[in-house]
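Written below as structure tokens is the structure these notes are about.
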Amino acid sequence: DHVSLGNEEWNPWEADEKNEQIASQQRYENNLKMIISARSRVEQTNLRVQIWGKAAIGLYLWQHIFGGHLEPADVTAQWREGSQKAGKTYFSFITGPSVVPGYFSVEAENAVLVLNGREKAKIAYATQWLHYAQTLIQTHKIQHVAVVLLGNEQCNNEWIQPYLKRHGGFVNLLFVTYDYALVNEEDIFQWPLGVATYRNFPVVEPSWSMLHDPRSYLCNFLGTVYKNSSRETLMEILKQDGLDKLCWIAAREQWQPQETNESFKNYQDALLQSDLTLCPVGINTECYRIYEACSYGSLPVIEDVMTHGDCGNSSMYHSAPLQLLKTMGAPFIFIKNWKELPAVLEKEKKMSLQEKIQRRKKLIEWYQNFKAWMRQKFINTLENSFLSSDKG
């Protein structure tokens, strides 16, 4: 098969093999370049975002929507922090009384400020944070800012508008609670109110018994009954035909911000032991109770009426109140008047345990999906805005 020339063997395919070796080496080097290039592109698109949680909804964002942890676990600690990688972004979260403008290290090029704009005193404090962020932008310490805002219950949020980029400010994105009419899905987004983390409402993991056990009560309402409100009507209707005997009702005349261990345990037990949670309007239709009921698989029955103020339909949503929840297909019972409640409770009496189990599963699954969707939307919105700003 071959001819021997001295000590060397002659290989008629040698030239072809050398060419193939060279070509193979080139392919390898080209692939390596592509991998290195792709890697550097990924590294370039990695955002670092530090979230400054200066309102209780920050804990809902971090612990409930992001599923993030905080160290130390002690809720009274002066300083708490956590971090996680999500999408193309590395998030860090800091909160607590010691997180004060100018007195902590800014460890990312991008910041998300979680602020409380519910009343004048809170707005004054929120404004200090915005001015601090503005200084960091001007001195190139950070590049981009987004705000998650606990808005005013009557949607009077005009004070924040001058800070938005569209009005010549520096805030790229605003995520705001309640049915704010200026929500446009471009730079202003509706954000869920969530649970009352200021009362340390926990992240609830559904258990077998929560899903499958019979519950002792048809419904519950624990809360303040304001004078001349629909809550008074609700109380009257519940007393008719002894409906209040079938439900866990604990009404009080004055709102109490401070929860005792006992009153909080009662509230959690009521949610866990009731098939329905009644959600009458307060100052705003959206309330913590809606999300807290979902956590325990107790179906919210919501008074679907607009409250006083400037809340309403936006250019993106046309189903106020509770536009965000309705758009996401919340499987709640919506009623226009509490006079509809007796019929709802009659229907409830006839439901089998199996039907109620299926409904609980559907509610808890919807709520978990809702939080996952909000998390993904939040991440995507930040990445799209901040990364495109970088390229621009």
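The values are calculated or read from the model by the stated rules, or taken from the named source; none is laboratory data. Quick caveat, the model's predicted, so the values are computed rather than measured. All Cβ positions, even for glycine, are placed from backbone atoms using ideal geometry, and neighbour counts span all protein chains on display. For the accessible areas, the whole protein counts, side chains as well, though only heavy atoms, and no ligand, DNA or RNA atoms are used. Shrake-Rupley method; radii C 1.70, N 1.55, O 1.52, S 1.80 Å.
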(request) Counting residues in the stretch 198-370 as N, plug N into 2.2 N^0.38 Å and put the Cα Rg over that result. (result) 1.01
(request) Pop out the carbon and sulfur fraction of the accessible area of the chain as a percent, whole number, probe 1.4 Å. (result) 51
(request) Measure off 7 Å from each Cα along the Cα-to-Cβ vector at Asp244 and Trp159, then give the distance between these two points in nanometres to one decimal. (result) 3.9
(request) Looking at the stretch 47-177, send over the antiparallel percent of its DSSP beta bridges, to the nearest 5. (result) 25
(message) Only sites in a loop by DSSP and with at most 12 other Cβ atoms within 10 Å count here; which trypsin sites (Lys or Arg not before Pro) in the stretch 142-226 make the cut?
(response) none
(message) As a test of reading the structure, rank Asp310, Asp179 by solvent-accessible area (1.4 Å probe, protein chains only), most first.
(response) Asp310, Asp179
(message) I need two numbers for the chain: Rg to one decimal and Dmax as a whole number, Cα atoms only, in Å.
(response) 28.0, 115
(message) What number comes out for accessible area per residue over the chain if the probe is 1.4 Å? Units Å², please.
(response) 51
(request) Take each of the peptides 99-111, 269-281, average the number of other beta-carbon atoms within 10 Å over its residues, and list them starting from the highest. (result) 269-281, 99-111
(message) With n ≥ 4 as the cut-off for DSSP H runs, can you work out [θ] at 222 nm for the chain, using -39500 (n - 2.57) per run divided by the number of residues, rounded to the nearest 500?
(response) -12000 deg cm²/dmol
(request) Using a 1.4 Å probe and counting only protein heavy atoms, arrange Val344, Val112 so the residue with the most accessible area comes first. (result) Val344, Val112
(request) Step through the residues of the stretch 215-222 one at a time and calculate ³J(HN,Hα) from phi using the Karplus curve (6.51 cos²θ - 1.76 cosθ + 1.60, θ = phi - 60°), rounding each to whole Hz and writing x for Gly and Pro. (result) 10, 6, 10, 5, 8, 9, 8, 10
(request) Please express the Cα-Cα pair-distance distribution P(r) of the stretch 47-177 as a list of whole percents, one per 5 Å bin, running from 0 to the bin with the greatest distance. (result) 2, 10, 21, 24, 21, 14, 6, 1, 0
(request) Only bridges with both residues in the chain count here: give the DSSP antiparallel percent, nearest 5. (result) 20
(request) Report the label-to-label distance for Met328 and Met306 in nanometres (one decimal), using points 7 Å from each Cα along the Cα→Cβ vector. (result) 2.3
(request) Note down the relative contact order for the chain as a percent, whole number, built from C-alpha pairs under 8 angstrom at least six residues apart. (result) 14
(request) Any chance you could look up the accessible area of Ser230 with a 1.4 Å probe, heavy atoms only, rounded to 10 Å²? (result) 30
(request) Quick one: angle between helix 353-391 and the longest Cα principal axis of the chain, in degrees between 0 and 90, rounded to 10, please. (result) 50
(request) Find the cysteines in the chain that fail to meet the 4.7 Å Cβ criterion with every other cysteine, and list them. (result) Cys279, Cys287, Cys294
(request) Report P(r) for the stretch 275-392: all Cα-Cα distances, bin width 10 Å, range 0 to the bin holding the largest distance, values in whole percent. (result) 12, 35, 32, 14, 5, 2, 0
(request) Can you tell me how much longer the chain between Thr127 and Val100 gets when fully stretched, taken as 0.36 nm per residue apart minus their C-alpha distance, in nm with one decimal? (result) 8.4 nm
(message) Output the 0 to 90 degree angle, nearest 10, between the alpha-carbon long axis of helix 230-239 and the longest principal axis computed from the alpha carbons of the chain.
(response) 60
(message) Skipping prolines and chain starts, which residues have an amide H placed within reach, meaning under 5 Å, of the one on Val171, given they are 5 or more residues away or on another chain?
(response) Leu164, Lys165
(request) Go ahead and set up a Gaussian network model of the chain, Cα springs under 10 Å, then flag whichever of Asn220, Asn172, Asn200 fluctuates most. (result) Asn200
(message) Beyond a 29 Å Cα-Cα separation, which of these cross-linked pairs lie in this structure: Lys165/Lys336; Lys227/Lys265; Lys54/Lys339; Lys326/Lys361; Lys120/Lys227?
(response) Lys165/Lys336; Lys54/Lys339
